[in-house]
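Below: the structure, in structure tokens.
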Amino acid sequence: MMDNLMKDIRKVLITREQLQKRVAEMGQEITRDYQGKDVVLVGILKGAMPFLCDLMRCIDLPVTLDTMVVSSYGDNTVSSGSINIKKDLDKDIRGKHVIVVEDIIDTGITMDSLVPLLKKRGAASVELAICLNKKERRERDVFVKYIGFDIPDEFIVGYGCDYAEKYRNLPEVGVLKPEVYVRG
Ligand SMILES: O=P(O)(O)OC[C@H]1O[C@H](OP(=O)(O)OP(=O)(O)O)[C@H](O)[C@@H]1O
Ligand code: HPA
Ligand SMILES: [Mg+2]
């Protein structure tokens, strides 16, 4: 299954089954923690898409869904240290309990810039649900309430994470073979 994509993968870090199991647990935790609250799930595109789709279907609450597109890198390979909003939320979040849904946290710059902004807009609370936590690379101290998996400091792809916009649709999380970068 997925042979065309999997042939570029040197090693699988997290299987589809492990992802499904952990995401279901995260959904149950959120369901328990947000009983009776007005919840908005905010997916950060594009990376969040697979995780958002799976997680929201494991949350047994009448949540609403919104999305943002943010970039901290611009046209550079190094982060500018702050974010540029390319697509903002569709709806006002005043008084709502916001859960930001992300595929991966790396330096933490994206989330460290976004959370204060959402709080300033009057959200009742803002928490993070992040599938992959590359904690060794953290430059900003960001509190993440719901973490799927801690991962090592390697460039990973799959389950929303891309290399040159590809491999987001890989249903597992893995590390690319070095020759794939050379070709790329
Ligand atoms: O913790 P940080 O160092 O800020 O990095 C994490 C961010 O980088 C990736 O997004 P990217 O900007 O590549 O956009 P994408 O979601 O479209 O891939 C990822 O989806 C996170 O949003
Ligand atoms: O390891 C990664 N892979 C893909 N995208 C990323 N964005 C931050 N870290 C990563
Ligand atoms: Mg990316």
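Among (1) away from ligand 2 (no atom under 14 Å from the Cβ); (2) in contact (Cβ under 8 Å) with a residue 40 or more places away in the chain; (3) under 17 Å from the mean Cα position of the chain (by Cα); (4) surrounded by fewer than 21 Cβ atoms within 10 Å (Cβ to Cβ), which single condition is Val100 missing?
Against the list (1) away from ligand 2 (no atom under 14 Å from the Cβ); (2) in contact (Cβ under 8 Å) with a residue 40 or more places away in the chain; (3) under 17 Å from the mean Cα position of the chain (by Cα); (4) surrounded by fewer than 21 Cβ atoms within 10 Å (Cβ to Cβ), Val100 comes up short only on (4).
Is there a residue being outside any loop (DSSP other than H, G, I, E, B), more than 22 Å from Gly95 (Cα to Cα) and touching a residue at least 40 places away in the same chain (Cβ under 8 Å) anywhere in the range 34-47?
yes
Would you check if there is a residue in the range 2-21 being among the aliphatic types (A, V, I, L, M), modelled with pLDDT of 95 or more and either in contact with a helix residue (DSSP H, G or I) (Cβ under 7 Å, 6 or more places away or on another chain) or part of a loop (DSSP other than H, G, I, E, B) (or both)?
no
Just checking: which of the strands (runs of 3 or more DSSP E) contained wholly in the range 83-147 hold 2 or more residues that are closer than 11 Å to Val42 by Cβ?
Of the strands (runs of 3 or more DSSP E) lying wholly inside the range 83-147, those with at least 2 residues that are closer than 11 Å to Val42 by Cβ span 97-105, 125-133.
Are any residues in the range 127-179 within 13 Å of ligand 2 (Cβ to nearest atom) and of a type in the set (Val, Ile, Thr), and if so, which ones?
Within the range 127-179, Ile130, Ile151, Ile156, Val157, Val173, Val175 meet the criteria.
Kindly list the number of the only condition in (1) farther than 30 Å from Asp92 by Cα; (2) touching a residue at least 60 places away in the same chain (Cβ under 8 Å) that fails for Asp153.
With (1) farther than 30 Å from Asp92 by Cα; (2) touching a residue at least 60 places away in the same chain (Cβ under 8 Å) applied to Asp153, the lone miss is (2).
The values are calculated or read from the model by the stated rules, or taken from the named source; none is laboratory data. Keep in mind the model is a prediction, meaning the values are calculated, not measured. Backbone-built Cβ (ideal geometry, glycine too); neighbour counts: all protein chains shown.
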